[in-house]
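Everything below concerns the one structure shown next.
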Amino acid sequence: MQTNIRSTYSVCPQCLSRLEAVLVQKPEGVYLEKTCPVHGSFSVPVWRGYANMEQWRGHIPPQDSVKNPHCPHGCADCSGHMQGVCCVLLEVTRRCNLSCNFCFAQGDKAGQDITEPGTAELQQIIASILSGDDKPLLQFSGGEPTLRDDLPELVAYARSLGCRYTQLNSNGIRLAEDEAYVSALAKAGLSFVFMQFDGVDDEVYQALRGTPLLAQKLKAIEMCDRYRIGVSLVPTLVRGVNDHQVGEIIRLGASLSPAVRGVHFQPVSYFGRYPALPGDEDRITLDELFALVSKQAGIALSSLLPSRCDHPLCGFHGSFLVDAGELRPLSHAGQGAETGEGAVNTRKDGAPAEGMTSAKQNREYVGRRWSRDDGDEEDTPYSGDTEADACCDGDALETETDACCDWDALEAEAETDACCGDTACCCGDEADSGDDEACCCGDADSCCDAEADSCCDWDALEAETEAESCCDELDTFDSFLRKVRKHGFTISAMAFQDAMNLDAERLQRCSLRVYHEGILKPFCIRYLSPMKNHEG
């Protein structure tokens, strides 16, 4: 027995023609199904049933904008798009020093004489990307961007134009071998590195990258640590190759804190270069991934939250503190996530609707979490948002679901917008909750009540009880914030879409764009490719 859940639009995986599609609930999970008049019918699993998909997605009504006849092939900054720009990926080269079996950008190891833009041309492109008041996080990507000797100059130029966060997407080889280059990147103002990191043994790298690389990966992390450049580990997960190492990758990353800021999983998507057409059994769905994280790393599912910037079916994130070698959760699924009465987004102007975060808010979250902050310098809270904007979505002070700021927002806004769930208690003039409520104020030594003299731990704040809230581990609220900034750790994922599973409803909420020929295209559209038998 099967049930149609909702309608959307997709593409034919062979000719990329736009097709009507439907999400279908079957006993074995949820499938995206569509029929091309030329190439026939297609079905692909998008949810295995490890959690309730409707509850995870929340109350997001079907959007009229997916009926846009130009979607997805005319995708740019159209009126139907539901989210602003958080990050922009800029390909600075097609050259690469590897020839991986899986590569969305199809980096070219053999063609070292590929014509690529010069420094001045790239600076013009960077200036155009950063021309607005709301400047996106800028990702330098490739190919392998560290093959460019002028990369530090490009990073410095972006920072000079007011780009707050700059990211390097790299395999880490040159970072391991060239300390002077790492030093130059640090001096230029590079914020963090997204490092290809597929497993904890060389058997994985031999299978996916064609050569043993683990020692070089670890050396690259050491180099970045030396110059205080934050590193996030980015595994491409492939069934039967490294999906059994999810927990080990997380534990290794946590053991390397504060050098490593987290792990960002990417289940393999089939665009660009890949060795063979996938079968249903090859797909690792988003819910299967967070089930693997929970099982292998011993992490409660309630600590992993659906994306509130991109579509909930596109990714998840969880915030943690590395404390005495253990991961202590700082994020917790709120009432909306538990009941299925989660986010509603009906805006078409890029602004967040109730329960959602804007691209700007998401950028601040990831930027602060992935950057290195050892807490030994004076921290200046970001003041680009108003207090209301920083504290969720303006009305959050008076809501119960994820009421004020959660710990991620509390960390980001430190002493200005600290809060305590549905008690709606904020610091400063807003700290007017009763003494018997759990309250956290950055300018006080008390996080429990007016008479307490020690800070509360997260579990107690989450429970919002006074009796079990005060602890001896952390002397003050400020010391707790410093510890979170230094040893904060994220576990996140992004499930990119290919020609088989592309869903226009998900696509219209994409906040990750790729600069291509003067247009900022959603990532999954920029790299969308027909699924034909081909060799790497």
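Here, each number is a calculation from the coordinates, and none is a lab measurement. Computed from a predicted model, the values in this text were never measured in an experiment. Note that we place each Cβ from the backbone using ideal geometry, even for glycine, and neighbour counts take in every protein chain shown.
Some notes on this structure:
- Pairs exceeding 23 Å between alpha-carbon atoms, taken from Lys26/Lys532; Lys295/Lys532; Lys135/Lys187; Lys135/Lys486; Lys219/Lys486; Lys187/Lys486: Lys26/Lys532; Lys295/Lys532; Lys135/Lys486.
- Three-way shape label, the stretch 159-268, alpha-carbon gyration tensor, a/c 1.5: prolate
- Exposure proxy shown here: for Thr146, Thr8, the number of other Cβ atoms within 10 Å sets the order, fewest to most, as Thr8, Thr146.
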